[in-house]
Amino acid sequence: MVSVNRPQPINGERIMIWTDEAVEELKRMWDRGMTTGQIAKALNVTKNSIIGKVHRLCLTCLLYTSPSPR
């Protein structure tokens, strides 16, 4: 199982450090159609961290690339 480093408090903030391997695994699971909850469980992180990373990687943009029929 791939996992990211757990967030460590720095000056009262929680910083998530993603490994390259975890990002690639996230992309593979996203491409397979897994839910954010399933991915979070597999990577041992929160669902919100998955949602944020998916957004920052623009993986959600891929869902809306084709124009809707009019």
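For the range 16-36, the set of residues classified as within 18 Å of Thr60 (Cα to Cα), open to solvent by less than 90 Å² (accessible area, probe 1.4 Å) and not acidic (Asp, Glu) consists of Ala22, Val23, Leu26, Lys27, Met29, Trp30, Gly33, Met34, Thr35, Thr36, listed by residue number.
Could you check how many residues of the range 37-59 are open to solvent by 30 Å² or more (accessible area, probe 1.4 Å) and in a helix (DSSP H, G or I)?
We begin by selecting, within the range 37-59, every residue open to solvent by 30 Å² or more (accessible area, probe 1.4 Å); these are 37-38, 41-42, 44, 46-48, 51, 53, 55-58.
Next, only the ones that are in a helix (DSSP H, G or I) stay: 37-38, 41-42, 47-48, 51, 53, 55-56.
Number of matching residues: 10.
The values are calculated or read from the model by the stated rules, or taken from the named source; none is laboratory data. Keep in mind it's a predicted model, so treat the numbers as computed, not measured. Each accessible area value is taken on the protein alone, full model and side chains, heavy atoms only, with ligands, DNA and RNA left out. Shrake-Rupley method; radii C 1.70, N 1.55, O 1.52, S 1.80 Å.
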